[in-house]
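What follows is a short report on a single structure.
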Amino acid sequence: MDGRVVVVGGGPGGVLLTYLLARGGVAVTLLEARHDFARRFRGDTLAPGVLEYLDDLGLAGDLLAEVPHRRSDMFRWHTPEKTYELVDYRGASRRFPFYALIPQARFLPWLAARAEAYGAQVRLGARFSSFLSAADGRVTGVEYTVEATTHRLDAALVVGADGRSSKVRAAAGIEATELGASLDLLWFAVERHDDDPAYSGLDLFARPGGTIALLDQGAGEWQVGWSIPAGSYASVREAGVGPLVDAVAAVLPWLAPRLRAALSAVTDLTLLPVRIMTVDSWTRPGLVLIGDAAHVVSPVGGNGINLALADAAELANQLVGPLRAGSSAAAVDEAAGRLESVRRPGVEAEQRRQVRTEQAAAQRNAAGVVGPPTVLRVLTAIPGFSRLAARRSGVTVPAPVPVIAVG
Ligand SMILES: Cc1cc2nc3c(=O)[nH]c(=O)nc-3n(C[C@H](O)[C@H](O)[C@H](O)COP(=O)(O)OP(=O)(O)OC[C@H]3O[C@@H](n4cnc5c(N)ncnc54)[C@H](O)[C@@H]3O)c2cc1C
């Protein structure tokens with residue numbers, strides 16, 4: 001079969017897949033609904049295993065040299081009584097003993113430009129609307145709109161990488177099931193000053209009823225996040241910004257004046273309704289889903305971006321050989337189907353862990369307990385636990401197949 005892959009959605013999964021396919025010699029078109037890659041408050045945390053993978057591709061050195069970012073080697077939880085070192089990344093990788101916090105708004109255009117250099121077609125402002133299908137129902141392409149004009153594009157395979165509310169998934173009739181998230185997040189960014197306290201860039205602060213996150217993506221600002229009980233946004237909005245700023249003032253007094261000056265209403269904050277979601281299948285004939293379209297994870301742990309990138313890596317490894325060999329539609333479907341067999345068990349194990357962690361946190365918050373559960377207090381007291389946790393929480397990414405690795 002001779003053909004082009006159409007990737008719908010220019011998030012981390014879609015852009016990396018587009019890059020890998022183009023580099024592997026496969027014709028590929030990326031359709032991204034937005035007119036640019038500008039976006040805020042997304043998963044910006046590249047894990048050590050992902051950085052190693054990008055290094056195997058020869059990309060990590062340039063990425064870290066060219067794109068401003070923050071390196072964080074420790075994930076800490078601060079409580080009134082003490083600071084817990086939850087995860088210590090210093091032993092997680094010999095090459096990259098840290099998480100790189102890089103805003104997607106910088107990472108995506110950087111990678112998309114490299115995909116185009118290998119011949120990928122990147123169409124911005126191009127919104128998927130429906131499938132083209134064969135008589136037997138196999139997906140054979142897409143219809144998409146640019147401004148008011150409808151275009152059609154044939155495809156050997158369509159990849160739905162269009163995020164948590166995937167239109168591709170809905171058009172394919174693939175059902176999504178919520179596994180039950182217990183919290184939502186509110187995000188805001190304030191200016192960072194050179195003489196601010198030196199936090200790791202990945203810090204959590206316990207407060208009565210929830211947690212405050214303080215992230216630094218190397219963009220000259222602090223990203224501040226408040227966890228709130230799932231579904232409680234309306235009452236938080238009604239209470240106004242006062243309680244939110246007061247909560248920050250209690251744990252980060254130096255930051256509160258900046259927040260007070262910049263924040264006038266809860267609607268100034270960005271709401272992320274946390275979802276943990278699974279779908280009945282990642283594939284249909286002629287179609288495969290990756291990233292958030294296939295599995296939404298909680299931002300707690302910051303691995304939505306890493307799982308999307310790992311899906312893209314695995315799918316590219318499966319597809320490049322059959323597509324370059326002009327394999328039959330059935331062989332392409334079989335190759336795409338292997339993604340789900342390889343990746344789904346690990347993703348679902350992570351989702352089950354997240355549901356348990358969030359439920360336990362929600363119960364502690366409702367009971368007014370400030371700080372980590374007893375089991376974590378005990379574990380973090382064991383020497384070496386936080387390094388072990390880094391290895392256990394690490395996202396594993398397959399090595400690129402030689403045809404992609406050598407380019
Ligand atoms: C609002 C929001 C806030 C988030 N905040 C955090 C966070 O704080 N911490 C964290 O760890 N994770 C966060 N995440 C999750 C994290 O960003 C994702 O897990 C990660 O980006 C998934 O990558 P992806 O490539 O699967 O999809 P996405 O990054 O969601 O990208 C999907 C892309 O598809 C495009 N698209 C959608 N519909 C169409 C269409 N019809 N046609 C063409 N293109 C289309 C979208 O414009 C988007 O660019 C957030 C996600 C969202 C949506």
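Here, each number is a calculation from the coordinates, and none is a lab measurement. In this text the structure is predicted, and so the values were computed from the model without any measurement. Note that each Cβ is placed from the backbone with ideal geometry, even for glycine, and that neighbours are counted across all protein chains shown.
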Would you mind classifying segment 12-64 by shape? Square roots of the alpha carbon gyration tensor eigenvalues, ordered a ≥ b ≥ c; an a/c under 1.5 is rounded, otherwise it is prolate if a/b is larger than b/c and oblate if not.
oblate
Report, to the nearest 10°, how far helix 329-366 tilts away from the longest principal axis of the Cα atoms in the chain, using its own Cα long axis and a range of 0 to 90°.
10 degrees
Enumerate the whole-percent occupancy of each 5 Å bin, from 0 to the last occupied one, for all C-alpha pair distances of segment 199-294.
2, 10, 19, 20, 15, 10, 8, 7, 5, 3, 1, 0
log10 I(q)/I(0), Debye, Cα-only the chain, no solvent, q = 0.06, 0.07, 0.12, 0.14 Å⁻¹?
-0.24, -0.33, -0.97, -1.27
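Can you give the helix-only mean residue ellipticity at 222 nm for the chain, where every DSSP H stretch with n ≥ 4 adds -39500 (n - 2.57) and the sum goes over all residues, rounded to the nearest 500 deg cm²/dmol?
-11000 deg cm²/dmol
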Taking the Cα centre of the chain as origin and charging only Cβ (+1 Lys, Arg; -1 Asp, Glu), how large is the dipole, in debye to the nearest 20?
500 debye
Counting every C-alpha pair in segment 59-123, the percent lying more than 20 Å apart is 47 percent
With an 8 Å cut-off on Cα pairs and a minimum separation of 6 or more residues, tell me the relative contact order of segment 130-189 in percent.
21 percent
What relative contact order, as a whole-number percentage, does the chain give when Cα pairs under 8 Å and 6 or more residues apart are counted?
24 percent
Before anything else, pin down the relative contact order of segment 76-189: Cα pairs under 8 Å, at least 6 apart, normalised by residue count, whole percent.
12 percent
Which order results if S165, S182, S327 are arranged by neighbouring Cβ count within 10 Å, fewest first?
S165, S327, S182
Degrees separating the helix 12-23 axis from the principal Cα axis of the chain, which is the longest one
40 degrees
Treating the angle as unsigned and between 0 and 90°, give the value, to the nearest 10°, between the Cα long axis of helix 304-324 and the longest Cα principal axis of the chain.
10 degrees
Going from the fewest other Cβ atoms within 10 Å to the most, one would list S232, S227 as S232, S227
